[in-house]
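Any read-out appearing in this document is the output of simple, stated calculations on the displayed coordinates, not a laboratory observation. Being a predicted model, the structure only gives us computed values, none of them experimental. Neighbour counts run over all protein chains shown; Cβ positions are idealised from the backbone, glycine included.
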Amino acid sequence: MYSLEQLKIFVTVVETGSFSATGRKLNRAQSGISQAISNLEIAIDQPLFDRNKNTPTLTKSGKTLLPVAYSILHQQTYFDQKVESLAKNYEQDVVIAIDESISNHGILKIIAPLAQQYPITNFELISVTTFDVEEFVKTGKAQIGIIYSDGELKVDMDFFLLGQARFLTIASPQHALAKLNKVNSSDLKAYRQCAHRSLNQSELWFSYAISAKVWYTNTHQTLIDLVIQNVGWALVPELAIKQQLKQGDVVALPVVHEQGGWLTPVGCVVSRSKPTGPVTESLLTLLQQHFLKEDGWQAKA
């Protein structure tokens, strides 16, 4: 019967190109490497290398079995990592719910290093509205949520302030509001608004509909697309429209009551229904340390 150690030597010989190089890499005598390969070939009754040349060359059987050997060794590594994660009480699964307009702006860059740090933990990322994020965390369907905060005390979850996001009121360059030097609330109410709300018709406290004529959508990206099509005006995250502003697809309106845009808190909610483990703690630390470094986020108070 062959062993995992023999398979490791087999693939190392292929990678290094010789028995001697394999011996140096594995800190073993060349004769031991040669004997291990011979024993493996006897165990499987198949020649793996052609030894008639100066360097060992894979036979047809060797080429066929090499990817299988890699797969077996990979599974061994996975098994060892799984055992280690259980011993250290690492979470096996972490679900992160993120407000859809926040999810594309630096979040993946923050989360990505956890793939190497915790290779056995399965991550699930869910992009929904802030209200849906809170529901996911409150019911324990997600351990962590990233939301726009209304300042109210959260129930059945802990809250950490991360910073502030700037929202701008925008319109198409062809829209009548884009021709005004200053825009008052009465001006906004006179034209169709493209407003954001969740599937259960909840609206963010600062961007609710004020116009009698409204088109609703549950994603900020759709709001932006509607504005580009000159359907109406909308209040959207500045980070989501940087490119469109640069290209002139949309313009930021000079709204009198929100000079420089509207700032709203961005925070992280953590479920109390599940124990916080090392993976969740690491994620929280990364968010608190690096979330605000992304261009466009304002420092927390």
### Query
Of the lysine pairs in region 4-87, how many meet both conditions: Cα atoms under 21 Å apart, and a spacing of 8 or more in sequence or different chains?
5
### Query
Which whole-Hz ³J(HN,Hα) couplings does region 206-217 yield from phi under the Karplus relation 6.51 cos²θ - 1.76 cosθ + 1.60, θ = phi - 60°, glycine and proline marked x?
9, 10, 6, 5, 10, 8, 6, 10, 9, 10, 9, 8
### Of (1) 6, 27, 36, 24, 7, 0; (2) 6, 21, 20, 14, 12, 12, 9, 5, 1; (3) 6, 25, 32, 25, 11, 1, the label for P(r) over Cα pairs in 10 Å bins from 0, in percent derived from the coordinates
(2)
### Summary
To the nearest 20 debye, the chain has a Cα-centred charge dipole, built from +1 on Lys and Arg Cβ and -1 on Asp and Glu Cβ, of 720
### Message
If amide hydrogens are placed 1.01 Å from N in the peptide plane, which non-local residues have theirs closer than 5 Å to the one on A234?
### Response
I170, C194
### Summary
In degrees, nearest 10, the alpha-carbon axis of helix 278-290 is tilted away from the dominant principal axis of the alpha carbons of the chain by 50
### Message
Compute the helix-to-body angle for 4-16: its Cα long axis versus the longest principal axis of the chain, expressed 0 to 90° and rounded to tens.
### Response
80
### Summary
Note, region 110-117: 3J(HN,Hα) by Karplus (6.51, -1.76, 1.60, θ = phi - 60°), whole Hz, Gly/Pro = x, goes 6, 6, 3, x, 5, 4, 7, 6
### Query
Where both partners of a DSSP beta bridge lie in the chain, what percent of those bridges are antiparallel, to the nearest 5?
60
### Summary
In terms of the charge dipole of the chain, which places +1 on Lys and Arg and -1 on Asp and Glu at the beta carbon, the residue among N230, F19, V269 farthest towards the positive end is F19
### Query
How large is ³J(HN,Hα), in whole Hz, for each residue of region 253-262 in order, when computed from phi with the Karplus curve 6.51 cos²θ - 1.76 cosθ + 1.60 and θ = phi - 60°, using x for Gly and Pro?
7, x, 6, 4, 7, 9, 4, x, x, 10
### Task
Determine one quarter of the surface area of the Cα convex hull of region 4-87, which equals its mean projected area, and express it in nm² to one decimal.
5.9
#### Entry: Mean separation of Cα contacts under 8 Å (6+ apart) over length of region 182-261, as relative contact order %
36
### Query
Projected onto the charge dipole of the chain (+1 at Lys/Arg Cβ, -1 at Asp/Glu Cβ, origin at the Cα centre), which of F10, F167, T59 gives the Cα projection farthest towards the positive end?
T59
